[in-house]
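To start, the structure itself, in structure tokens.
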Amino acid sequence: MFKTIIEPFRIKSVESISMNTEDQRIKFLEDAHYNPFLLKGEQVIIDLLTDSGTSAMSNKQWAAMMNGDESYAGSQSWERLEKAVHELTGMPYILPTHQGRAAERILYGHLGSKGKYFISNTHFDTTRANIEFSGAVALDIPIPEARDFSANHLFKGNLDTIQLERIINKRGEKNVAGVILTVTNNSGGGQPVSMQNAKDIKAICKRHGILFILDSCRIAENSYFIHEREKGYAHRSFREIAQEMFSLADASIMSAKKDGLVNMGGFLAVRDKSLADACTQLLIITEGYTTYGGLSGRDMEAIAVGLDEVFKPDYLHYRIVSTRYLGENIRQKGVSIIYPVGGHAVYIDAKALYPHIPVHQYPGQVLVCELYRIGGIRCVEIGSVMFGKYDEKGKLIPAQVELARLAIPRRVYTQSHIDYVVEVFDEIIRTKDSVKGLRITQEQHFLRHFTAHFEWIE
Ligand code: F0G
């Protein structure tokens, strides 16, 4: 009825933001070698680097933390977390990990090896890195509509099931170690995946005897879109929709730092006992004993509460509507974004914004630097810095997209912060033609975007 979006919470404890000037930020950026991962948190005004581990916890979560049982074995906090995850996923074996990539390392380290393939709607960077580190190959097959940023498809996060069949037949079903459905599809624009797509994938995997893995770190947000858009789900609760999607999968990895509404935590859930046993060995070697994994008792308490709170209709509605508001308002200024707006972030098409900057001069990274210089906003490049590779001659094989992602922490920023971000885009647009490209001066082989150094090309 009213168009102003209000946060469905009151603020009980506040954290100061230290304001700074553009001159200061130019210096900070230079010191950080034009890589905002190397900035100090206190140098940032609005931090949209990630929605991961950046949530504000509720009073109920903080209260639950006081009940943390720090027993090495048989902690009551573990019992509470195991029950919460079990009820949500329906999976019998739950392995607690300190975050999502620890679960990835365990599962893909066990399943992956040279000659094996994993197929996904789009592998997230740590997913891809863990798979490639095992020697296996990660193949992305989003639906063709996903490549068109403005195509108005309701479930642009879907996996292309025709290609899936084709790849399985070409590579041989024995060589496909798993199909990973990431909901929502983070690296593909935070776009939702339909229940029908999950059902189709399940059927294909079942027919070929291939493991179907759900990367469920944003499954509550995905459930909101299914509820909103998919026939037959308008009267189902968000939680029931998530439960149905889990019921289709053989295993699931969750970074609880997203829809778990906590600052640290994750889990691996599996149906098959022998797979669970193999993974448990690795869990104990690298994370910790089975009743805490990489977590303290208080962390487990907070996750158990967070997994309940995230499905509350008022929260989820505000979450999606607020992200949509940011995306729609930036788009109205003529900036190209991945459209429709996804669940946790707005993805800006930097190639379209800076057509004069070639891909080997990293237009996405340029936009990331400009947002910081102009507005003190920190975000991340998803493009050829993150996913670019080199051929044998050292020439860049660019990524398919050059994006900057504005990821929104959960329950942290208010509507006026969001309005400020929208306003910063006026200046981004006004100055866009005079912006130069960047070159990399230092980098690592795996996940180079975290540590690379850059300089401006004069
Ligand atoms: N899978 C997806 C889809 C993710 O988005 C992430 C993390 C992970 C797995 C790994 O989880 O960080 O707990 O180890 N995404 C963050 C992001 C880092 O900014 O998108 P983690």
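The values are calculated or read from the model by the stated rules, or taken from the named source; none is laboratory data. Since we're looking at a predicted model, the values are computed, not measured. Ideal geometry is used to build each Cβ from the backbone, glycine not excepted, and the neighbour counts take in all protein chains shown. Quick note on the areas: whole protein, heavy atoms, side chains included, nothing else; ligands and nucleic acids left out. Shrake-Rupley method; radii C 1.70, N 1.55, O 1.52, S 1.80 Å.
If we only count helices (runs of 4 or more DSSP H) wholly inside segment 217-288, which ones have 1 or more residues that are within 14 Å of the ligand (Cβ to nearest atom), under 21 Å from PHE124 (Cβ atoms) and open to solvent by 20 Å² or more (accessible area, probe 1.4 Å)?
273-286
Restricting the search to segment 430-448, which residues are open to solvent by less than 50 Å² (accessible area, probe 1.4 Å) and touching a Phe, Trp or Tyr at 6+ places or on another chain (Cβ under 9 Å)?
VAL435, GLY437, LEU438, ILE440
So which of GLY306, GLY293 ends up being in a helix (DSSP H, G or I) and either closer than 26 Å to MET66 by Cα or within 14 Å of the ligand (Cβ to nearest atom) (or both)?
Working: GLY293 fails: in a helix (DSSP H, G or I).
When all the criteria are applied, what remains is GLY306.
Take the residues of segment 378-429 that are open to solvent by less than 10 Å² (accessible area, probe 1.4 Å) and among the charged types (D, E, K, R): which is nearest to LYS351 (Cα to Cα)?
If we take residues in segment 378-429 being open to solvent by less than 10 Å² (accessible area, probe 1.4 Å) and among the charged types (D, E, K, R), then GLU402 is nearest to LYS351 (Cα to Cα).
Of everything in segment 179-226, what is on the phi > 0 side of the Ramachandran plot and modelled with pLDDT of 95 or more? Give them in sequence order. Quick ask: steps written out before the conclusion?
Just the residues of segment 179-226 that are on the phi > 0 side of the Ramachandran plot, to begin with: 189-190, 209.
GLY209 - this is the single residue of segment 179-226 that is on the phi > 0 side of the Ramachandran plot and modelled with pLDDT of 95 or more.
Kindly check whether there is at least one residue in segment 146-156 that is touching a residue at least 12 places away in the same chain (Cβ under 8 Å), away from the ligand (no atom under 16 Å from the Cβ), part of a helix (DSSP H, G or I) and not aliphatic (A, V, I, L, M).
Scanning segment 146-156, I find at least one residue that is touching a residue at least 12 places away in the same chain (Cβ under 8 Å), away from the ligand (no atom under 16 Å from the Cβ), part of a helix (DSSP H, G or I) and not aliphatic (A, V, I, L, M), so the answer is yes.
For residues that are crowded, with 20+ Cβ neighbours inside 10 Å and within 16 Å of the ligand (Cβ to nearest atom), scanning just segment 10-38, find the one that is nearest to VAL421 (Cα to Cα).
So the residue we want is PRO36.
Mind listing just one residue for me: the one in segment 39-76 that is small (Gly, Ala, Ser) and within 30 Å of VAL368 (Cβ to Cβ) and, of those, nearest to the ligand (Cβ to nearest atom)?
Start the filter on segment 39-76 by keeping residues that are small (Gly, Ala, Ser), which leaves 41, 52-53, 55-56, 58, 63-64, 68, 71, 73-75.
Now narrow it down to the ones that are within 30 Å of VAL368 (Cβ to Cβ): 41, 52-53, 55-56.
Numbers: GLY41: 15, SER52: 4, GLY53: 7, SER55: 12, ALA56: 17 Å.
If we take residues in segment 39-76 being small (Gly, Ala, Ser) and within 30 Å of VAL368 (Cβ to Cβ), then SER52 is nearest to the ligand (Cβ to nearest atom).
Of the residues ALA198, ALA177, only one is of a type in the set (A, V, I, L, M), outside any loop (DSSP other than H, G, I, E, B) and within 16 Å of the ligand (Cβ to nearest atom); which?
None of the others qualify; the one that does is ALA198.
Please determine, by comparing only the residues of segment 12-44 that are of a type in the set (A, V, I, L, M, F, W, C) and in contact with a Ser or Thr (Cβ under 8 Å, 6 or more places away or on another chain), which one is nearest to LEU367 (Cα to Cα).
PHE37
Report every pair of residues separated by at least 6 positions or lying on different chains whose Cβ atoms are under 8 Å apart, first residue within segment 78-92 and touching a residue at least 40 places away in the same chain (Cβ under 8 Å), second among the acidic types (Asp, Glu) and surrounded by 22 or more Cβ atoms within 10 Å (Cβ to Cβ).
ARG80/GLU301; LEU81/GLU301
Where residues in segment 91-135 are part of a loop (DSSP other than H, G, I, E, B) and open to solvent by 40 Å² or more (accessible area, probe 1.4 Å), which of them is nearest to the ligand (Cβ to nearest atom)?
Across segment 91-135, the extreme among qualifying residues is PHE124.
Just give me the residues in segment 261-315 being of a type in the set (S, T, N, Q) and either within 30 Å of TYR224 (Cβ to Cβ) or without any contact (Cβ under 8 Å) to a residue 40 or more places away in the chain (or both), in sequence order.
ASN263, SER274, GLN281
Taking segment 392-419 on its own, how many of its residues are in contact with a Leu (Cβ under 9 Å, 6 or more places away or on another chain) and at positive phi?
Qualifying residue count, segment 392-419: 1.
State all residues of segment 63-76 that are open to solvent by less than 80 Å² (accessible area, probe 1.4 Å) and under 22 Å from ASP277 (Cα atoms); if no residue qualifies, say none. So that I can check it myself, show each step before the final result.
Pass one, segment 63-76, residues open to solvent by less than 80 Å² (accessible area, probe 1.4 Å): 63-65, 68-69, 71, 73-75.
Within segment 63-76, ALA73, GLY74, SER75 qualify.
Is it true that ALA352 is farther than 26 Å from ILE17 by Cα, surrounded by fewer than 22 Cβ atoms within 10 Å (Cβ to Cβ) and within 16 Å of the ligand (Cβ to nearest atom)? I'd like the intermediate steps shown before the answer.
Working: farther than 26 Å from ILE17 by Cα: yes; surrounded by fewer than 22 Cβ atoms within 10 Å (Cβ to Cβ): yes; within 16 Å of the ligand (Cβ to nearest atom): no.
The answer is no for ALA352.
Quick one: which of GLN361, GLN332 is surrounded by fewer than 22 Cβ atoms within 10 Å (Cβ to Cβ), in contact (Cβ under 8 Å) with a residue 24 or more places away in the chain and out of contact with any Asp or Glu (no Cβ under 7 Å at 6 or more places or on another chain)?
So the residue among GLN361, GLN332 that is surrounded by fewer than 22 Cβ atoms within 10 Å (Cβ to Cβ), in contact (Cβ under 8 Å) with a residue 24 or more places away in the chain and out of contact with any Asp or Glu (no Cβ under 7 Å at 6 or more places or on another chain) is GLN361.
Could you say which residue among ASP160, ASP140 is crowded, with 18+ Cβ neighbours inside 10 Å, under 18 Å from ILE382 (Cα atoms) and either at pLDDT 95 or above or within 10 Å of the ligand (Cβ to nearest atom) (or both)?
ASP140
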